[in-house]
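Undergrad: Just dropping this structure here.
The values are calculated or read from the model by the stated rules, or taken from the named source; none is laboratory data. Note that this is a predicted model, so its numbers are computed, not measured. Every residue, glycine as well, gets a Cβ built from its backbone with ideal geometry; the counts of neighbours run over all protein chains shown.
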Amino acid sequence: MDRIVKEVDKWKFGDSRDGSVAMGPVISLRAGERIKGMVDDAVKKGADLLRGGNYKGTYFEPTVLDNVPVYAEIAHEETFGPVANNPQAQG
């Protein structure tokens, strides 16, 4: 997870017409809202938010979650957004 976070920290997000941008917008405002809901659900259920998690319009920050519980929506649904998540270790 440390290597993923270090890499994500290098990424610039925003208007993909800007050549320095690594992460452009999601498909729609509704998609951004859906992704935010999934990230918030995971955090509420105990996941650690290591980076990102916010959006403005259709621009969603590259997001990294750790220790995501298997019962969190994001653990079993495709986000179609810039979210990397690591599941909770099962005992």
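Undergrad: Taking interchain pairs and intrachain pairs at least six residues apart, which have beta carbon atoms under 6 angstrom, with the first residue in region 30-45 and free of Cβ contacts under 8 Å to residues at least 40 places away in the same chain and the second among the small types (Gly, Ala, Ser) and assigned to a loop (DSSP other than H, G, I, E, B)?
TA: Filtered contacts from region 30-45: 41/72; 45/72.
Undergrad: Scan region 60-80 and report the pairs whose first residue is farther than 22 Å from residue 2 by Cβ and acidic (Asp, Glu) and whose second residue is modelled with pLDDT of 95 or more and surrounded by 15 or more Cβ atoms within 10 Å (Cβ to Cβ), with Cβ atoms within less than 7 Å and a gap of 6+ or a chain change.
TA: Once the first residue is farther than 22 Å from residue 2 by Cβ and acidic (Asp, Glu) and sits in region 60-80, its partners that are modelled with pLDDT of 95 or more and surrounded by 15 or more Cβ atoms within 10 Å (Cβ to Cβ) give 73/38; 73/41; 77/38.
Undergrad: Sticking with this structure for a sec: What are the residues in region 64-75 that are under 14 Å from residue 34 (Cα atoms) and within 11 Å of the chain's Cα centre (by Cα), if any?
TA: Residue satisfying the conditions is 74 alone.
Undergrad: Looking only at region 8-43, count every residue that is surrounded by 10 or more Cβ atoms within 10 Å (Cβ to Cβ) and either assigned to a helix (DSSP H, G or I) or of a type in the set (S, T, N, Q) (or both) and tell me the total.
TA: Number satisfying all stated conditions: 19.
Undergrad: Collect the residues in region 53-76 that are farther than 18 Å from residue 28 by Cα and part of a loop (DSSP other than H, G, I, E, B), keeping them in residue-number order.
TA: 69, 70, 71, 72, 76
Undergrad: Condition check: touching a strand residue (DSSP E or B) at 6+ places or on another chain (Cβ under 7 Å) and hydroxyl-bearing (Ser, Thr, Tyr). Does residue 59 satisfy that?
TA: Here the answer is yes, as residue 59 does meet what is asked.
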